[in-house]
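Inspection log for the structure reproduced underneath, given as structure tokens.
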Amino acid sequence: MSLLRPVELQTERLLLRAPIDADANDLLEMHASQEVMRFSNGLPWKSIDQAHSLIRSARSWLQSERHLCLCVVQKTSGRAIGTTTLYDFDAQNQRAEIGFLLSDLVWRHGYMSEALVVFLNHAFTNLNLNRVEADTDPRNRAAITLLESLGFVREGLFRQRWLVDGRRTDSAMYGLLRQDWAALTQQPVARGVA
């Protein structure tokens with residue numbers, strides 16, 4: 001039986017669940033933002049079709065047992081304000097890569113930190129991962145501060161890894177081990193800035 005299956009995770013303020021058709025406008029709004037996509041390895045979205053494509057892809061990724069993509073939904077408004085994804089899930093080697101995106105309308109309220117704590121707990125506990133990796137643009141101070149507050153350690157720099165709109169960008173590579181997560185979560189987890 002696959003470890004990757006539909007899941008809903010909750011925090012005090014958030015619900016993490018599979019993307020649904022009703023999320024399309026929220027997904028487009030956040031992915032169309034130049035500021036949100038500034039450090040992404042993709043261009044800002046221009047069409048609602050791209051949001052519907054992500055929703056369809058999230059379903060097929062889960063069925064293929066390779067990725068788990070969840071919308072981060074604000075309980076008070078019911079709006080999708082972000083996404084969290086485990087990419088390239090590798091059950092044999094107990095590893096995956098994490099990605100996350102948050103609407104700039106809700107930056108600096110601790111939402112992504114709150115979401116990632118429950119998402120990482122799920123990854124290490126229910127999905128039996130030993131290692132979670134993150135690839136971020138080294139200029140993205142907010143993401144780096146958040147990753148480091150969650151125990152991620154910088155393990156390297158991949159120079160000119162991405163080509164986005166004709167411009168080459170580097171990748172700072174971070175890793176988090178289950179043993180480090182367990183040690184960190186025995187104490188209150190520091191909130192990030194995202």
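The values are calculated or read from the model by the stated rules, or taken from the named source; none is laboratory data. Everything numeric in this text was worked out from a predicted model, so none of it was measured. For neighbour counting, all protein chains shown are included, and Cβ atoms are generated from backbone atoms with ideal geometry for every residue, glycine included.
Candidates are the residues of region 172-183 that are in a helix (DSSP H, G or I) and not charged (D, E, K, R); the one that is nearest to residue 139 (Cα to Cα) is 181. Annotation: residue 110 fulfils all but one of (1) in contact with a Phe, Trp or Tyr (Cβ under 9 Å, 6 or more places away or on another chain); (2) closer than 18 Å to residue 184 by Cβ; (3) among the small types (Gly, Ala, Ser); the unmet one is (1). Figure legend. Inter-residue proximity from region 17-35: first residues more than 9 Å from residue 103 (Cα to Cα), second residues of a type outside the set (D, E, K, R) and in a loop (DSSP other than H, G, I, E, B), beta-carbon distance below 6 Å, spacing 6+ or different chains. Indicated pairs: 18/6; 28/45; 32/44; 32/45; 34/44. Just one of (1) acidic (Asp, Glu); (2) closer than 27 Å to residue 168 by Cβ; (3) in contact with a His (Cβ under 8 Å, 6 or more places away or on another chain) fails for residue 21. It is (2). For first residues located in region 152-176 and under 22 Å from residue 129 (Cβ atoms) and in contact (Cβ under 8 Å) with a residue 24 or more places away in the chain, partners that are part of a loop (DSSP other than H, G, I, E, B) and among the aromatic types (Phe, Trp, Tyr) and lie 6+ apart or on another chain with Cβ distances below 9 Å form the pairs 174/152; 175/152; 176/152. Selection of region 139-171 for residues being modelled with pLDDT of 95 or more, surrounded by 13 or more Cβ atoms within 10 Å (Cβ to Cβ) and assigned to a strand (DSSP E or B) yields only 154.
Within 22 Å of residue 29 (Cα to Cα) and aromatic (Phe, Trp, Tyr): does that describe residue 61? Break it down into steps so the answer makes sense when it comes.
Numbers: within 22 Å of residue 29 (Cα to Cα): no; aromatic (Phe, Trp, Tyr): yes.
Criteria not met by residue 61.
When the residues of region 124-138 are filtered to those that are among the aliphatic types (A, V, I, L, M) and out of contact with any Lys or Arg (no Cβ under 9 Å at 6 or more places or on another chain), the one that is surrounded by the fewest Cβ atoms within 10 Å (Cβ to Cβ) is 127.
For (1) within 20 Å of residue 174 (Cα to Cα); (2) touching a Ser or Thr at 6+ places or on another chain (Cβ under 7 Å), each residue gets a yes or a no:
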| position | (1), (2) |
| --- | --- |
| 74 | no, no |
| 78 | no, no |
| 81 | no, yes |
| 87 | yes, no |
| 92 | no, no |
| 97 | yes, no |
| 109 | no, no |
